[in-house]
1. Testing Ile117 on (1) modelled with pLDDT of 90 or more; (2) farther than 16 Å from Ser38 by Cα; (3) surrounded by 13 or more Cβ atoms within 10 Å (Cβ to Cβ), one condition comes back false. Which one is that?
2. Would you confirm whether any residue within region 65-74 is touching a helix residue (DSSP H, G or I) at 6+ places or on another chain (Cβ under 8 Å), modelled with pLDDT of 90 or more and charged (D, E, K, R)?
3. Condition first: surrounded by 13 or more Cβ atoms within 10 Å (Cβ to Cβ), of a type in the set (A, V, I, L, M), over 12 Å from Val125 (Cα atoms) and touching a residue at least 24 places away in the same chain (Cβ under 8 Å). Now tell me which residues in region 80-112 satisfy that.
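The values are calculated or read from the model by the stated rules, or taken from the named source; none is laboratory data. None of these values were measured; they are calculated from a predicted model. All Cβ positions, even for glycine, are placed from backbone atoms using ideal geometry, and neighbour counts span all protein chains on display.
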Amino acid sequence: MRVPGPVLSLLAAFLLVQATAAAADLDVSIRFSSNEISVIHDFFHDYHLDNHVDKKGGKKGSKPLPPGIAKNLERGKPLPPGIAKRSLPNDLLVRLPPVADGYERVVIAGKILLIEIATQIIHDVLVEALLD
């Protein structure tokens with residue numbers, strides 16, 4: 001069964017409105033704490049020294065994201081569809097307090113993001129932790 005083009009356009013517009021509304025309702029209390037920032041910063045400072053990681057958070061020679069996609073990795077915006085995410089290293093996870101229910105910390109293109117799992121909305125971004 002084929003879905004008519006206008007129905008698909010209407011569905012896409014509805015989903016866009018829902019994502020925009022979710023971003024407008026961003027819970028400002030869901031952020032990295034100063035303790036989390038300190039632990040993450042210290043870990044990656046040591047990790048860079050031990051593992052020869054480049055200043056963008058990847059192994060030396062890894063390619064950066066295209067500028068248009070990288071620009072959208074901001075607080076309040078949804079993650080671009082299909083973007084590759086990595087989880088934080090286990091050695092770091094054991095040092096951090098548990099993340100709030102329904103959220104996860106991920107690494108994308110040298111940034112550590114705190115995202116809402118259900119909506120994929122970015123609630124906080126740490127850039128400086130990996131760029132030190």
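1. (3)
2. Looking only at region 65-74, we keep the residues that are touching a helix residue (DSSP H, G or I) at 6+ places or on another chain (Cβ under 8 Å), and these are none.
No, every residue in region 65-74 fails to be touching a helix residue (DSSP H, G or I) at 6+ places or on another chain (Cβ under 8 Å), modelled with pLDDT of 90 or more and charged (D, E, K, R).
3. Ile83, Leu88, Leu92, Leu96, Ala100
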